[in-house]
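Heads up, the thing below is written out as structure tokens.
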Amino acid sequence: MVSVVGTPGKIALAFTSAGAVAAYLPAVGTPGPLTASPLNSTTTSAGVFGGDLVALELNIGFNNAGFSYCVTFVRSERSRGGTP
């Protein structure tokens, strides 16, 4: 799984590839509760809220893996004597 938002075995969004996540984002629509557990869905009942949660999950994953563009950019600019 590339990303699971929610609790597996309960209501959750699940994606099996980066392409499936890209097809889902950016999610649109009125925010609401997630009422089903779709696999590789392009839309959900959660609307934009579902997209926000997937983006947050990706952000946490990248951060935990040591990828942080903002921190890298600031360090790079400071090392060159610039202002971020």
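Tell me yes or no: at least one residue of the range 54-64 is of a type outside the set (Gly, Ala, Ser), loosely packed, with under 11 Cβ neighbours inside 10 Å and either assigned to a loop (DSSP other than H, G, I, E, B) or modelled with pLDDT under 90 (or both). Looking through the range 54-64, at least one residue is of a type outside the set (Gly, Ala, Ser), loosely packed, with under 11 Cβ neighbours inside 10 Å and either assigned to a loop (DSSP other than H, G, I, E, B) or modelled with pLDDT under 90 (or both). Residues that are at pLDDT 90 or above and either outside any loop (DSSP other than H, G, I, E, B) or surrounded by fewer than 19 Cβ atoms within 10 Å (Cβ to Cβ) (or both) within the range 42-53 comprise Thr42, Thr43, Ser45, Gly47, Val48, Phe49, Gly50, Gly51, Asp52, listed in sequence order.
The values are calculated or read from the model by the stated rules, or taken from the named source; none is laboratory data. Note that the structure is a prediction, hence the values are computed from the model and not measured. Cβ: placed from backbone, ideal geometry, glycine included. Neighbour counts: every protein chain shown.
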